[in-house]
Amino acid sequence: MIKQIFGKLPKKPSKSSSSSSSSSSHPNGQGGGPTTSNGTIPPSPSSNRPNGAVYEPLPSLRDVPTSEKPTLFIKKLTLSCVLFDFTDPSKNLREKDIKRQTLLDLVDYIATVSTKFTDAAMQEIAKLAVTNLFRTFPSATNHESKLLETTTLDGGDDEELALEPAWPHLQLVYELLLRFVASSMTDAKLAKRYVDHSFVLKLLELFDSVDRREREYLKTILHRIYGKFMVHRPFIRKAINNIFYRFVFETERHNGVAELLEILGSIINGFALPLKEEHKLFLVRALMPLHRPKCAAAYHQQLCYCVVQFVEKDSKLADTVVRGLLKYWPVTNSSKEVMFLGELEEVLEVAQAGEFHRCMVPLFRRIARCLNSSHFQVAERALFLWNNDHIRNLITQNHKVIMPIVFPAMERNMEGHWNQAVKNLTLNVRKVLAETDQALFDECLAKFQEDEASKGEVAAKREATWKLLEDLAASKSVSGEAVMVTRFSSSVTITTTSGKSSGS
């Protein structure tokens, strides 16, 4: 009976059966080995060759029959997707050279191909670009933005430090992508499946590269994409807007603002007239705020070109641009103020009389402050506005409003500016104002002298008032001390009297 009961109990599995069952539960008999995040078993490491494959060169595309070229082309594209470590120059020398020769062959083939690229070929080209080019750059905490370095014109050593170590191979990939996008054998309708929004976004992210050579290639490629893929144009403009918003309002760190503005300058030049409301909003919301960051000197030339392009397209935008400049006008940065005055001259040079009339009062109030700047370059740059024939004509047409605003600033320069060159320029502009309207000039001079005299009287009255207050305060302090002595004496007398009475 007891044997029958024990026979019905489950038996403990043996070690051999346990190991065999666990082994059978994993593919390839690898039970309990490490797995990746998606549950697959990672391949065993091999010596410098991905997946253990032997990296061997393929025949040149020039040496094979025409019928075999498409197949060999795809094979070479696949071979070029293998990555190597370029931070160590002594590593994988043979494989790197094979890849370089392969990329050179591919670039040459794309430049000379006489048939349309197939769907498979386009897919592999896009994969090649994604694999080799798209990567994440170090965060701002790990490297200083190149914008801050390029504000100085002679940053040779910094430029050398900012070179991409993998550039010899990246350059060939960029050249391949550029020739593919620019090729007449590329069908945009088919290629847009692979050069899609995600591809464009990743390409835009690369503009933050510290290597200027890479940004130059990116600028050319993105411009070609904008021209070839018309369906992507609104998306590209919106994506660039977002980069600018993030740069201005969040990070103030981006290495590719100048290159992006160069692309936009060409795009703005091609805008059809009349300008769409979307484009005007882009000027107000994206371009004008770019004047705010401290590092604006790094891209101001390109920004100024874009802004002037808008005014040339639609002169009514001159008032908007001038008021935008006044909004972001630097107060404590003299070099930036000189840049703003230069941009202001370029904008006014293409402005019409109507738009100038709308903004001239706040504009020349600011210019008057610049005329009295203790920084001689700011004062000189403001006075140089009268050397521009178009601007001088606009000032002459509106001299009855402008002369009373700027005249006091010029007189103060004549009386007390420390720089002789500024005084000489002020004297020349003063002569121009006198020749324009002598009667108004004399009236402004009389009013200035009257105001200065009244200011002297006010200052004298203020000085007399302060003197009176000081004397009154002194007399009160003396009388207060006398009162305190009298009170103290009285209290002593009362105390003495009360003491005598109590003693008696």
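Computed values, structure above
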{"read-out": "Two-decimal log10 I(q)/I(0) for the stretch 250-324, as the Debye equation yields it once each C-alpha is a single scatterer, q = 0.17, 0.20, 0.23, 0.28 Å⁻¹", "value": "-0.62, -0.84, -1.09, -1.50"}
{"read-out": "Y305, Y226, reordered so the largest accessible area comes first (probe 1.4 Å)", "value": "Y305, Y226"}
{"read-out": "Within the accessible area of the stretch 252-298 (1.4 Å probe), percent carbon and sulfur", "value": "50"}
{"read-out": "FRET efficiency estimate (nearest 0.05) - Cβ-Cβ, L472 to E312, R0 56 angstrom", "value": "0.25"}
{"read-out": "Cα gyration tensor shape of the stretch 172-215, rounded if a/c is under 1.5, else prolate or oblate by comparing a/b with b/c", "value": "oblate"}
{"read-out": "Dipole of the stretch 94-143, positive direction: furthest Cα of A121, V107, T131, with charges on the beta-carbon", "value": "T131"}
{"read-out": "The stretch 265-385: Rg to Rh, with Rh as the Kirkwood radius over Cα pairs", "value": "0.96"}
{"read-out": "Probe 1.4 Å, accessible area per residue of the stretch 401-472, Å²", "value": "63"}
{"read-out": "Accessible surface, per residue, of the stretch 292-332 when the full set of protein chains is kept, probe 1.4 Å, Å²", "value": "45"}
{"read-out": "Viscosity 1.306 mPa s, temperature 10 °C, Stokes-Einstein D of the stretch 344-468 from Kirkwood C-alpha radius, µm²/s", "value": "102"}
{"read-out": "Sparse-neighbourhood loop sites, trypsin sites (Lys or Arg not before Pro) in the stretch 219-281 - DSSP loop, at most 15 other Cβ within 10 angstrom", "value": "K276"}
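The values are calculated or read from the model by the stated rules, or taken from the named source; none is laboratory data. None of the values given here were measured: they were computed from a predicted structure. We place every Cβ from the backbone using ideal geometry, glycine too, and count neighbours over all the protein chains shown. Side chains are part of the model used for accessible areas, which takes the heavy atoms of the whole protein and leaves out ligands, DNA and RNA. Shrake-Rupley method; radii C 1.70, N 1.55, O 1.52, S 1.80 Å.
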